[in-house]
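Novice: Quick one: the structure is below, and I'll ask about it shortly.
The values are calculated or read from the model by the stated rules, or taken from the named source; none is laboratory data. Nothing here was measured: the structure is a model prediction, and the numbers come from that model. As a convention, Cβ positions derive from the backbone with ideal geometry for all residues, glycine included, and neighbour counts pool all protein chains shown.
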Ligand SMILES: [Fe+2]
Ligand SMILES: [Fe+2]
């Protein structure tokens, strides 16, 4: 724990315990998102599954990075990141969508829903800390930007696959970037 880290948050008028609870909930979301993407990339099948699986695997590693950043901030504030997978579902806001249907297009839809939930979570968190806890604000804004990009990436991929099977490639993305 960082004494000053906690002091600054309290001085800004925030409830440190409540903030740690919210960060921990987001941390649980990230582990579930990580696994949902990771396992989705493994089981994906159907048209263009290679490309979609590649995108899912990329997102998985970014969700894990988010979990790492959140864990660091939770510990800095004197909290403990969820120490058991039992807590992931219990304390999560966005939950977990099991890829019962391995069709790559169905997986895309599931993960788009997950991203939309994550965007709401981080947007709310950002509103809570903005102008008060500048360190958490920076962290949450960074993650929010990633989640917005994730949603757009998946939507683009879904649209291209939907419009024309052959259009489902990474070229469209490459041009946009
Ligand atoms: Fe994330
Ligand atoms: Fe994401």
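Novice: Taking the options 143, 119, name whichever one is assigned to a helix (DSSP H, G or I), within 16 Å of the chain's Cα centre (by Cα), buried (at least 20 other Cβ atoms within 10 Å of the Cβ) and near ligand 2 (Cβ under 10 Å from one of its atoms). Lay out the reasoning, then the answer.
Specialist: Numbers: 119 fails: buried (at least 20 other Cβ atoms within 10 Å of the Cβ).
None of the other options fit; the residue is 143.
Novice: Still on this model: Looking at (1) in a helix (DSSP H, G or I); (2) surrounded by fewer than 17 Cβ atoms within 10 Å (Cβ to Cβ); (3) at pLDDT 95 or above, find the lone condition where residue 37 falls short.
Specialist: (2)
Novice: Would you check if there is a residue in the range 24-34 being out of contact with any helix residue (DSSP H, G or I) (no Cβ under 8 Å at 6 or more places or on another chain) and either on the phi > 0 side of the Ramachandran plot or away from ligand 2 (no atom under 14 Å from the Cβ) (or both)? Working first, answer last.
Specialist: Filtering the range 24-34 for residues out of contact with any helix residue (DSSP H, G or I) (no Cβ under 8 Å at 6 or more places or on another chain) gives none.
Taking every residue of the range 24-34 in turn, none turns out to be out of contact with any helix residue (DSSP H, G or I) (no Cβ under 8 Å at 6 or more places or on another chain) and either on the phi > 0 side of the Ramachandran plot or away from ligand 2 (no atom under 14 Å from the Cβ) (or both).
Novice: Given the criteria closer than 29 Å to residue 11 by Cα, within 14 Å of ligand 1 (Cβ to nearest atom), at pLDDT 95 or above and touching a helix residue (DSSP H, G or I) at 6+ places or on another chain (Cβ under 7 Å), does residue 129 qualify? Don't jump to the end; show me each part of the working.
Specialist: Working: closer than 29 Å to residue 11 by Cα: yes; within 14 Å of ligand 1 (Cβ to nearest atom): no; at pLDDT 95 or above: yes; touching a helix residue (DSSP H, G or I) at 6+ places or on another chain (Cβ under 7 Å): yes.
In short, no.
Novice: Going residue by residue through the range 99-110, is there one that turns out to be assigned to a helix (DSSP H, G or I), under 18 Å from residue 62 (Cα atoms) and in contact (Cβ under 8 Å) with a residue 60 or more places away in the chain?
Specialist: As a first pass, look at the range 99-110 and keep what is assigned to a helix (DSSP H, G or I): 104-110.
Filter once more, so that each one left must be under 18 Å from residue 62 (Cα atoms): 107-108, 110.
Of the ones still in play, those that are also in contact (Cβ under 8 Å) with a residue 60 or more places away in the chain are 107, 110.
Yes; the residues of the range 99-110 include at least one that is assigned to a helix (DSSP H, G or I), under 18 Å from residue 62 (Cα atoms) and in contact (Cβ under 8 Å) with a residue 60 or more places away in the chain.
Novice: While we're on this one: Would you pick out the residues in the range 65-98 that are part of a helix (DSSP H, G or I), within 16 Å of ligand 1 (Cβ to nearest atom) and more than 28 Å from residue 8 (Cβ to Cβ)?
Specialist: Step one: filter the range 65-98 for residues part of a helix (DSSP H, G or I), giving 65-76, 85-91.
Next, from what is left, pick out any that are within 16 Å of ligand 1 (Cβ to nearest atom): 65-74, 88, 91.
Passing the criteria: only 88.
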